[in-house]
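*Asks:* Sharing a structure with you now.
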Amino acid sequence: MKDKLIQIGRDSAWYLSANIAVALIGFAAFPMLTRLLGPSQYGVFSLINTAIVLGSPIFYVFLTSSTLRFYPVYEKDDRLDVFYSTVLHFLPHFLAICFCVLLPVASFVLPLGRYRSAITVGVAVFALYTVFNVTQVLLRVRQESLRYSAMAIFTTFARYLVGVALVAWTEAGVAGPFWAWAGGLLIAIPLELVWLKTRKYFQWKLYSKGLFREFFHFGFVLIFVTFSVEIMTAADRYMVQIFKGSYQVGLYSAVYILVMTIENLMATFIMMGTVPVMMRVFEHDGKAAAEVLLGKITRYLLMMLTPSMVAAWVLREPLIRVVAGARYAPAEPAVLPLVIGVFLSILAWPTLQVFYMEKRTSLTLVPIGTAALSNILINLVLIPRYGFPGAAWATMISYALYLVIAVVLSSRYMRWQFPWGASARIGLASAVMGAGLWGMERAGLSGPAGLLAMIAAGALIYVVVILLVGGISRPERRFAMELVAKIPLVGRAVPARWHLEPKVDELFEIEEKEAERGGDEGAAE
């Protein structure tokens, strides 16, 4: 188990570095965009951006999910040439449809008004972003996390900072970020194809119809799952636009982006590093090993996500004012329900991996589809009456329903070893941290410097308390140091004592045996 966690840790370290860089770029560009574009213009930008980010997965999710699931099988059988040829065969056809059909229609046929140029460039970005995600997942499944991270940072830099420059220094307006994003993707995709050794593995004649059918059978239902996810994450903004106008869309989008950025920074890197290793563990080591790994990953997700969500709610007012600007202060009522909703959605993620491992992807549609339908119905009631705060509460309720159904269904196929004891310690440490942040805010800390000081102090309080209450065991502390020592470049700079002896293996074996005994005793009771 230790070697699997090391693999996850090394990849996750690069993904964390990328997420930090992406978040910093986003936080730097966000206040500039919100000041260059008023709430109404920013609302239009958000709608186009959301359509790209959440619409493109409909066209690639069956391929990327199948890539993550089946790569270990074809790697084991030494048939990667067939695998690559089948995966990449799809992309030229998709690009031809987008650029030869969709782009001309958007440019000359549809009545798009004064935002025609932004939407037209958005169509091109949509096509390129879909291809980019396929090449990115190939890097990810090969565990080339450094290259994956470099491309994520580069395209984010182009998308936001270069985009902000185009908005500020030209008359590109809302279309500026999309022109910059397209340019970044046109540079990144060919570079990734070189890294993937496409000339070595890809041969048009090795395309396998049987394998593509297997991909489609495995991932077809995920198209509907993705559509349902989009309803849960984006339909409310379009409904707010219909009932309340683009001003409220801008307010709601600003808070939504803030919360999701924090989530991506604190949890997504663990999820990204876990999936390729999880599938290998299930294929090679069996269900029992996958169950143990799933329990550990759940605990690490809680350890990162819980304090960040508590801090986001306690510091909601200075966060909005510093990052988005005073004009977005009225968006504050949406923070609490969005924080809870995001937390519940991440908590449901480990249960969904059960369906992927068991190749029962059709079952993922049950919790997500039910939650999406409930989200629409609740929004129809709450948005006309309460505006964008009603949309936020509808999101929270829908994610709660999503979590409950996912847990019930997945328990039929795999035991989810939820870390109840660890969760209590994490909750206590987060509560103490939250109280400390509340006191610091009431003491008068404000502005960018005050916000950074509170975040740093809150992180320190959380780490100290979680150590005091035993939330991080001795083997885990030593293991974390060993992971840092194994990170390329970083490992050369850390002290020699961090390069630990194999005793860590023994400590982890003891910890796992104690956890198993505790679980057996709990079951007996």
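The values are calculated or read from the model by the stated rules, or taken from the named source; none is laboratory data. In this text, all values refer to a predicted model and were calculated from it rather than measured experimentally. Virtual Cβ from ideal backbone geometry, glycine too; neighbours counted across all protein chains shown.
*Asks:* Within the stretch 152-194, how many residues turn out to be outside any helix (DSSP H, G or I) and within 17 Å of the chain's Cα centre (by Cα)?
*Replies:* 0
*Asks:* Sticking with this structure for a sec: With (1) surrounded by 17 or more Cβ atoms within 10 Å (Cβ to Cβ); (2) out of contact with any Lys or Arg (no Cβ under 7 Å at 6 or more places or on another chain) as the list, and Phe218 as the residue in question, which single condition is left unmet?
*Replies:* Tallying (1) surrounded by 17 or more Cβ atoms within 10 Å (Cβ to Cβ); (2) out of contact with any Lys or Arg (no Cβ under 7 Å at 6 or more places or on another chain), Phe218 fails exactly one: (2).
*Asks:* I've got another one for you. Taking the criterion of being closer than 25 Å to Leu139 by Cβ and within 29 Å of the chain's Cα centre (by Cα), would at least one residue in the stretch 98-108 satisfy it?
*Replies:* Yes, the stretch 98-108 contains a residue that is closer than 25 Å to Leu139 by Cβ and within 29 Å of the chain's Cα centre (by Cα).
Here is a yes/no grid of residues against (1) over 30 Å from Val323 (Cα atoms); (2) of a type in the set (Val, Ile, Thr):
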| site | (1), (2) |
| --- | --- |
| Ser40 | no, no |
| Asn49 | no, no |
| Val82 | yes, yes |
| Gln143 | yes, no |
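*Asks:* If you check Glu192 against the conditions, is it among the acidic types (Asp, Glu) and surrounded by 17 or more Cβ atoms within 10 Å (Cβ to Cβ)?
*Replies:* So Glu192 fits the description; yes.
Here is a yes/no grid of residues against (1) in contact with a helix residue (DSSP H, G or I) (Cβ under 7 Å, 6 or more places away or on another chain); (2) buried (at least 22 other Cβ atoms within 10 Å of the Cβ); (3) touching a residue at least 60 places away in the same chain (Cβ under 8 Å):
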{"site": "Ser253", "(1), (2), (3)": "yes, yes, yes"}
{"site": "Thr261", "(1), (2), (3)": "yes, no, yes"}
{"site": "Phe269", "(1), (2), (3)": "yes, yes, yes"}
{"site": "Met279", "(1), (2), (3)": "yes, no, yes"}
{"site": "Ala289", "(1), (2), (3)": "yes, no, yes"}
{"site": "Tyr300", "(1), (2), (3)": "yes, no, no"}
{"site": "Met304", "(1), (2), (3)": "yes, no, no"}
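*Asks:* What about Ile262, is it aliphatic (A, V, I, L, M) and under 20 Å from Pro57 (Cα atoms)?
*Replies:* Judged against the criteria, Ile262 is not a match.
*Asks:* Has the stretch 107-121 got at least one residue that is modelled with pLDDT under 85 and either at positive phi or in contact with a Phe, Trp or Tyr (Cβ under 8 Å, 6 or more places away or on another chain) (or both)?
*Replies:* The answer is yes, given that some residue of the stretch 107-121 is modelled with pLDDT under 85 and either at positive phi or in contact with a Phe, Trp or Tyr (Cβ under 8 Å, 6 or more places away or on another chain) (or both).
*Asks:* Also, I was wondering about something else. Within the set of pairs 6 or more residues apart or between chains, which connect a residue that is under 16 Å from Val141 (Cα atoms) and free of Cβ contacts under 8 Å to residues at least 60 places away in the same chain inside the stretch 190-214 to a residue that is of a type in the set (Asp, Glu) and surrounded by 11 or more Cβ atoms within 10 Å (Cβ to Cβ) with Cβ atoms less than 8 Å apart?
*Replies:* From residues that are under 16 Å from Val141 (Cα atoms) and free of Cβ contacts under 8 Å to residues at least 60 places away in the same chain, the pairs are Trp195/Glu144.
*Asks:* Right, here's the next one. For Ser253, indicate whether it is under 17 Å from Phe83 (Cα atoms) and hydroxyl-bearing (Ser, Thr, Tyr).
*Replies:* No: the conditions fail for Ser253.
*Asks:* Please tell me if Ala288 is assigned to a helix (DSSP H, G or I), of a type in the set (Gly, Ala, Ser) and in contact with an Asp or Glu (Cβ under 8 Å, 6 or more places away or on another chain).
*Replies:* No.
*Asks:* Still on this model: Residue by residue through the stretch 125-151, note down the ones that are surrounded by fewer than 22 Cβ atoms within 10 Å (Cβ to Cβ) and either among the small types (Gly, Ala, Ser) or not in a helix (DSSP H, G or I) (or both).
*Replies:* Hits for the stretch 125-151 are Arg142, Gln143, Glu144, Ala150.
*Asks:* I'd like to know if the stretch 223-235 contains one or more residues that are at pLDDT 85 or above, buried (at least 17 other Cβ atoms within 10 Å of the Cβ), of a type in the set (Asp, Glu) and assigned to a helix (DSSP H, G or I).
*Replies:* No - not one qualifying residue is present in the stretch 223-235.
*Asks:* Could I ask something else about it? Among the residues of the stretch 6-22, is any modelled with pLDDT under 80 and farther than 25 Å from Tyr300 by Cβ?
*Replies:* No, that holds for no residue.
*Asks:* Step by step: first the residues of the stretch 302-360, then only those that are charged (D, E, K, R) and part of a helix (DSSP H, G or I), then the one that is farthest from Gly458 (Cα to Cα). Which residue is that?
*Replies:* Arg327
*Asks:* Can I ask one more? Which one of these does Tyr201 not meet: (1) surrounded by fewer than 18 Cβ atoms within 10 Å (Cβ to Cβ); (2) in contact with a Ser or Thr (Cβ under 8 Å, 6 or more places away or on another chain); (3) modelled with pLDDT of 80 or more?
*Replies:* So Tyr201 meets the others, but not (3).
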